[in-house]
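Report on one structure; see the data block that follows.
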Ligand SMILES: C[S@@+](CC[C@H](N)C(=O)[O-])C[C@H]1O[C@@H](n2cnc3c(N)ncnc32)[C@H](O)[C@@H]1O
């Protein structure tokens, strides 16, 4: 997953001329790359800095993240939480939990981030909250389903962000050349385009980020 959409040289330049990665996030990035298969799934410095910036602009009370992995984007998004704010993050992989919780603690966020182990489809209905930001970054086949599940839990003016919406550029290929995941992502993007209850922009950063703002029930 995630061939950069722009050249590596330009992506590195953009990273270099953005706020530096914190020591904790740099260590998490490094350890994930050394120890975890599919480390490329981690948001990384540039996208992580954008998520932090968005969260600081919104100043959310509650955030929901679907797909914690090793905790990188959760730690980024939590930076903008109000003093008494909480971020809920969900992941299905038990073996990621210790590393994720370890870095949440190292980042001093153990009182602000709640990690839920399990299938997001089962967990989402059990979190009885409204969310100012939802970050969808788990199994691509379920993006459209997650969107429908969380939509009533987002107030008007709230944000939904979905990662990997360009799916390595596969979304522009003819359908017969697209993988199953790319087809699911294209289906999701088409659904979003048709949804008049939101304003949205597809940013070609990393693997593509769809940023949506709810304007109507
Ligand atoms: C792309 S990674 C998340 C990356 C993370 N948000 C970051 O930026 O560092 C996707 C994660 O979704 C998790 N996942 C996949 N299917 C899931 C499901 N049905 N429920 C919960 N988590 C799921 C995977 O275990 C994986 O850790």
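Please sort 135-141, 9-15, 20-26 by packing, taking for each peptide the average over its residues of neighbouring beta carbons within 10 angstrom, highest first.
Values: 135-141: 22.1, 9-15: 13.7, 20-26: 16.0.
Ranking the peptides 135-141, 9-15, 20-26 by packing returns 135-141, 20-26, 9-15.
Be a star and scan segment 146-173 for residues whose amide nitrogen sits under 14 Å from the point 7 Å along the Cα-to-Cβ vector of residue 187.
The answer is 146-148.
I want to check the label-to-label distance for residue 194 and residue 105. Put each point 7 Å from Cα in the C-beta direction and report it in nm to one decimal.
Label-label distance for residue 194 and residue 105, simple model: 4.8 nm.
Roughly what % of DSSP beta bridges within the chain run antiparallel, to the nearest 5? Provide the component values of the computation, followed by the final result.
Numbers: 11 of 29 bridges.
Of those bridges, close to 40 percent are antiparallel.
Using a simple spin-label model with points 7 Å from Cα along the Cα→Cβ vector, what separation in nm is obtained for residue 30 and residue 173?
Each label point is offset 7 Å from its Cα along the Cβ direction, giving 3.6 nm.
Given that compact globular proteins tend to follow 2.2 N^0.38 Å, what is the ratio of the alpha-carbon Rg of segment 60-139 to that value?
On the way: Rg = 11.3 Å, N = 80, 2.2 N^0.38 = 11.6 Å.
Rg over 2.2 N^0.38 Å, computed on Cα atoms: 0.97.
Taking the beta-carbon count within 10 Å as an exposure proxy, list 212, 53 from fewest neighbours to most.
Details: 212 23, 53 15.
So the residues, fewest neighbours to most, are 53, 212.
Mean separation of Cα pairs under 8 Å and 6+ residues apart, divided by the residue count of segment 8-214: what relative contact order is that in percent?
On the way: 345 pairs, mean separation 33.0, N = 207.
Relative CO of segment 8-214 lands at 16 percent.
For residue 20 and residue 117, what is the calculated FRET efficiency with R₀ set at 30 Å and r taken between the beta-carbons, to the nearest 0.05?
Values: r = 32 Å, r/R0 = 1.06.
Taking R0 as 30 Å, the efficiency between residue 20 and residue 117 is 0.40.
Please compute the length gained on full extension between residue 61 and residue 94, using 0.36 nm multiplied by the number of residues separating them and subtracting their Cα-Cα distance. Walk me through the numbers on the way to the answer.
Numbers: separation 33, 0.36 × 33 = 11.88 nm, distance 2.72 nm.
Difference between extended and current length: 9.2 nm.
Compute a Gaussian network model of the chain, connecting alpha carbons closer than 10 Å, and tell me which residue from 200, 145, 88 fluctuates the most.
Maximum fluctuation in the GNM of the chain, among the listed residues, is at 145.
As a footprinting exposure proxy, order 215, 165 by other Cβ within 10 Å, with the fewest listed first. The partial results should precede the final answer.
Values: 215 13, 165 23.
Taking fewest neighbouring Cβ atoms as first place, the list is 215, 165.
May I have the pair-distance distribution P(r) for the chain, computed from all Cα-Cα distances with 5 Å bins from 0 and rounded to whole percent?
Histogramming the chain at 5 Å steps yields 1, 7, 15, 20, 22, 18, 11, 5, 1, 0 percent.
Could you put 106, 112 in order, starting from the residue whose Cβ has the fewest other Cβ atoms within 10 Å? The partial results should precede the final answer.
Values: 106 16, 112 20.
Ordered by Cβ neighbours within 10 Å, fewest first: 106, 112.
Every number here is computed from the coordinates shown, using simple stated rules; none is lab data. Remember, it's a predicted structure, so these values are computed and weren't measured experimentally. A quick note on method: Cβ atoms are made from the backbone with ideal geometry, for glycine too, and the neighbour counts reach across all protein chains shown.
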